[in-house]
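The values are calculated or read from the model by the stated rules, or taken from the named source; none is laboratory data. Nothing here was measured: the structure is a model prediction, and the numbers come from that model. Reconstructed Cβ throughout: ideal geometry from the backbone, glycine too, with neighbour counts over all protein chains shown.
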């Protein structure tokens, strides 16, 4: 299932300009750095480095979001430096990778 046009456009814009995003994902508001966007096993996914979440005390870290579960996505003014190293266990098979932070 394709992403709604505004969510797709905002993901691409945030990645290309290295801007933080605020998403409502499964009813939780999260702020993070979008890194990779594409299909994994036929499902549209977004890999983010989550900086904070309003409803939990989980530490910052990598989250793989299913785009169809994102109800809102706002591109914030704050930027981030660029790509982060993934942990050894975090290897994803994108098919295809639509865009990646550079």
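Residue pairs, Cβ under 9 Å, 6 or more apart or interchain, first in the stretch 54-83 and on the phi > 0 side of the Ramachandran plot, second assigned to a loop (DSSP other than H, G, I, E, B) and surrounded by 12 or more Cβ atoms within 10 Å (Cβ to Cβ). List them.
From the stretch 54-83, the pairs are 82/18; 82/101.
Residue by residue, here is whether (1) surrounded by fewer than 20 Cβ atoms within 10 Å (Cβ to Cβ); (2) in contact with a strand residue (DSSP E or B) (Cβ under 7 Å, 6 or more places away or on another chain); (3) modelled with pLDDT under 90 holds:
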site	(1), (2), (3)
9	yes, no, no
18	yes, yes, no
21	no, yes, no
27	yes, no, yes
30	no, yes, no
33	no, yes, no
43	yes, yes, no
49	yes, yes, no
52	yes, yes, yes
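Scanning the stretch 24-35 for residues that are in a strand (DSSP E or B) and out of contact with any helix residue (DSSP H, G or I) (no Cβ under 8 Å at 6 or more places or on another chain), which turns out nearest to residue 94 (Cα to Cα)?
The initial filter retains those residues of the stretch 24-35 that are in a strand (DSSP E or B), namely 24-25, 28-35.
Next cut, out of contact with any helix residue (DSSP H, G or I) (no Cβ under 8 Å at 6 or more places or on another chain) only: 24, 28-33.
Details: 24: 23, 28: 25, 29: 25, 30: 23, 31: 23, 32: 20, 33: 18 Å.
Here the answer is 33.
Being more than 19 Å from residue 78 (Cα to Cα) and either within 12 Å of the chain's Cα centre (by Cα) or not in a strand (DSSP E or B) (or both): is that true of residue 58 here?
Judged against the criteria, residue 58 is a match.
Yes or no: residue 65 part of a strand (DSSP E or B), crowded, with 17+ Cβ neighbours inside 10 Å and either within 9 Å of the chain's Cα centre (by Cα) or modelled with pLDDT under 95 (or both)?
Details: part of a strand (DSSP E or B): yes; crowded, with 17+ Cβ neighbours inside 10 Å: yes; either within 9 Å of the chain's Cα centre (by Cα) or modelled with pLDDT under 95 (or both): yes.
Judged against the criteria, residue 65 is a match.
Considering only residues that are in a loop (DSSP other than H, G, I, E, B), over 15 Å from the mean Cα position of the chain (by Cα) and within 17 Å of residue 19 (Cα to Cα), which ones fall in the stretch 74-102?
Once the filter is applied, which keeps residues that are in a loop (DSSP other than H, G, I, E, B), over 15 Å from the mean Cα position of the chain (by Cα) and within 17 Å of residue 19 (Cα to Cα), the stretch 74-102 yields only 81.
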